[in-house]
Structure formats: C-alpha cells, structure tokens
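Have a look at the structure below before the remarks.
Taken together, the values in this text are just the output of simple stated rules run on the coordinates, not laboratory data. Since we're looking at a predicted model, the values are computed, not measured. Positions of Cβ are generated from backbone atoms using ideal geometry, with glycine treated the same way; all protein chains shown enter the neighbour counts.
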Amino acid sequence: MGLLGAADLPAAGVPASLADFFVAEDRSQIVGAIGIERYGQAALLRSAVVAPVARGTGVGAALVRRLLGHARECGVVELYLLTTTAEQYFPRFGFVQIARAEVPDGVRGSVEFREACPASAVVMRRMLDPEEVQR
Ligand SMILES: CC(C)(COP(=O)(O)OP(=O)(O)OC[C@H]1O[C@@H](n2cnc3c(N)ncnc32)[C@H](O)[C@@H]1OP(=O)(O)O)[C@@H](O)C(=O)NCCC(=O)NCCS
C-alpha cells in the first residue's frame, strides 16, 4: 500500500485478500506489485507499480507478463485497466485504448471505476486467448 500511495495510485478497493496480487522482491524488499480483480471472464488490472529505484530494469514487464499468465489460467478473457500515467506503457503488452462504454458492467461497478480513478483516465483492454503462450 505504501508503494501505491508513493506513486499516487488509489488503494481504495484493493482487496484484503491478495490471491490475485503479485509482488516483486529484491533482497527482501518489495519493489513492485500488480494485481487483478476478477468479474467472471473479465478482470480489472490494478495497482501496477514499481518502486522508483527499481524502474527501468524490467520489473514492471515481468509483473505484467506474470499477471497475464495468471489471468489466462483463471479463465479471464478480457483484461481492463484505467490509467492516467501509463497509457504509453501498456500497448507493448497488447493493451489498446477503448471507450468506457465498451467496459462490461461488472468491471464498471468496481470501486476503482466508480470512485478511485478520475473520469479523464484512459481505459485500455487486452483480450486473452487461452491458447496463447506468454513470452
Ligand atoms: C509504469 C511502471 C509500472 C513501469 O515499470 P518499470 O519496471 O519501470 O518498467 P520496465 O522496466 O518494464 O520498462 C521500462 C520501459 O518502459 C517505459 N516506461 C516506464 N514507465 C512508463 C510510463 N508511465 N509511460 C510510458 N513508458 C513508460 C520506460 O521508458 C522504458 O522504456 P524502454 O524499454 O524503451 O527503455 C512504473 O514506471 C511505475 O510504477 N510507474 C508509476 C505508477 C504507474 O503509473 N502505474 C501504472 C498504473 S495503471
């Protein structure tokens, strides 16, 4: 939660149960985190963050790839995210910008969509193919 606050990311609605969250560690320090909230076959990617000292070294990419694999294993076929800071980062992982109206109701009802992220945030989607091999 400290990393999220330091990066100005919302912690509201981040679940107390972290089954769908991953962290990156370096010498017992948590240097990154990422997670999903699941809504059936759709999910919301949340809280992608890397500590400033560890940025630019591939930690973020490793976390995103790990999460894509996990989401696929869970049967997620549509992965959404909201961002005000990283819309130029996520296309390299196959995310494309979409309109809010294209987001399914479950995801749109999440705390992040309703309360935590500004209306100006960019919405992105990554379709997941269960047969796809994650590199
Ligand atoms: C976005 C973030 C998670 C990326 O993590 P990272 O570990 O630094 O990223 P990687 O090392 O995997 O990738 C580095 C590359 O991504 C680019 N990059 C990093 N953050 C970026 C951003 N916000 N927008 C565009 N490009 C970005 C770097 O310029 C670098 O580019 P290069 O490969 O051409 O050299 C990290 O910068 C961060 O925590 N930012 C603050 C929180 C945030 O914006 N989270 C996203 C919320 S949805």
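Here are the numbers for the structure shown:
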| read-out | value |
| --- | --- |
| Extension reserve of the TYR89-ALA119 stretch, reckoned as 0.36 nm per residue once the Cα distance is removed | 8.8 nm |
| 3J(HN,Hα) from dihedral phi, the stretch 67-73, Karplus parametrisation 6.51/-1.76/1.60, rounded to Hz, x for glycine, proline | 5, 4, x, 5, 4, 4, 4 |
| Charge dipole (debye, nearest 20) of the chain; +1 at Cβ of Lys and Arg, -1 at Cβ of Asp and Glu | 240 debye |
| Calculated FRET value between ALA61 and ALA6, using beta carbons and R₀ = 25 Å, to 0.05 | 0.80 |
| Within the chain, longest stretch clear of exposed GluC sites (Glu not before Pro) (DSSP loop, no more than 15 other Cβ within 10 Å) | 1-130 |
| Percentage, to the nearest whole number, of Cα pairs in the chain over 20 Å apart | 41 percent |
